[in-house]
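This report concerns only the one structure given below.
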Amino acid sequence: MPHMEHKDIVDVIIIGGSYAGLSAAMALGRSLRSVIIIDDGAPCNRQTPHSHNFLTQDGQTPSEISALGKKQVLAYPSISWLTDRAIAAKRSVDALFTVKTKSGKSIQAKKIILATGIHDKLPDIEGFSACWGITAIHCPYCHGYEFRDEPTAILAQGERAMHLASLVRNLTPQLTIITGEKADFDAAQLAKLKKNNVSLVEQELTSISHQNGKIETLTFKNGDQLAVKALYAAVPFSQSSDLHQQLGCDENDLGYIKIDNFQKTNVPGVYACGDNSAMMRSVANAIYSGNLTGAMVNKELVDEQF
């Protein structure tokens, strides 16, 4: 598999080598751009057994999809892979970017693509982290079909719980919302839940009994138990990296990196794609946004040169 040598200055550094980063790299490699992908090998979906709802790859493991993607991307001779973690990034007076890595490497580029992903802040519930991505899940489109008609719970409150409930109720009639505290629903929402036979538990969830990540029962603070096969959870997140802050990129109100319709951040020459800048958290969207980003970065380079 050909690899380019690390030059003093490359066209583009892509930070993050999962679906979005690889997709951006492919578009750039096909445009003869010199690219270095920096990735530390810790994707957020590493525990997920199967990836769904992505045409041609439905049911594959996330690692199989990314391994095939990496093989295809690195077949382009202008693309190089660096297994490392980018820890510092800045723009210098000559409009070039300098990225420093954990192992001490320093690389310069004309453009930067942040495909750094996000980090889920999992609740401190016994057994939750072991089930995350397996039966404790976030997305009905990614995982819901596999738990159709099964007893299912949603760990959420207010509007977020209602949104998830409407999607999940379409997949199973056996649905319970766990708010963990006094429910924050108005009369109309409560009537809608009742009409759709959605149960409500206001007790705090304290532990999850499971076998290798497959949920068996949920246990609450008052000792009650609930047998379910899946638990949807709306968990908060943080950015996986602070490089966007180092570079001066803005975040929106929800904590995503702020981008325009062409994946550009507010900092000239810096783009973002994938989960770090999009609410739609799926393989398909990561690959789409990466593909668009690669094309937009190439267009910017072309405009500067032509």
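The table for this structure:
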quantity: Percentage relative contact order, the chain, counting C-alpha pairs under 8 Å, at least six apart; calculated: 22 percent
quantity: Per-residue ³J(HN,Hα) for the range 76-84, Karplus 6.51 cos²θ - 1.76 cosθ + 1.60, θ = phi - 60°, Hz, x for Gly and Pro; calculated: 7, x, 8, 10, 10, 10, 10, 7, 5
quantity: Net charge of Cβ neighbours under 14 Å - reference Lys214; Lys, Arg +1; Asp, Glu -1; calculated: -2
quantity: Other-chain or far-sequence residues with amide H under 5 Å of Trp81's (modelled H); calculated: Ile37
quantity: Ser34 long-range amide H proximity, modeled H, under 5 Å; calculated: Asp11, Val12
quantity: Rg to Rh quotient for the range 128-233, alpha carbon positions, Kirkwood Rh; calculated: 0.94
quantity: The range 162-195 and the range 82-138: distance between their alpha carbon centers, rounded to Å; calculated: 35 Å
quantity: Relative contact order (percent, whole number), the range 128-233, Cα cutoff 8 Å, 6+ residue spacing; calculated: 34 percent
quantity: Sequence of Trp132, Trp81 once ranked by neighbouring C-beta atoms within 10 Å, starting from the fewest; calculated: Trp81, Trp132
quantity: Kirkwood-based Rg to Rh ratio, the chain, C-alpha trace; calculated: 1.04
quantity: Formal net charge of residues neighbouring Val297 (Cβ-Cβ distance under 10 Å; K, R +1; D, E -1); calculated: +3
quantity: Burial ordering of Tyr19, Tyr288, Tyr141, fewest other beta-carbon atoms within 10 Å first; calculated: Tyr141, Tyr288, Tyr19
quantity: Packing-based exposure ordering (other Cβ within 10 Å, fewest first) of Ile154, Ile134; calculated: Ile134, Ile154
quantity: Filter on Lys71/Lys258; Lys121/Lys229; Lys102/Lys299 - keep pairs with C-alpha separation over 24 Å; calculated: Lys71/Lys258; Lys102/Lys299
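Each reported figure results from applying straightforward, stated rules to the coordinates on display, with no laboratory input. Worth saying up front: this structure is predicted, and the values here are computed from it rather than measured. A quick note on method: Cβ atoms are made from the backbone with ideal geometry, for glycine too, and the neighbour counts reach across all protein chains shown.
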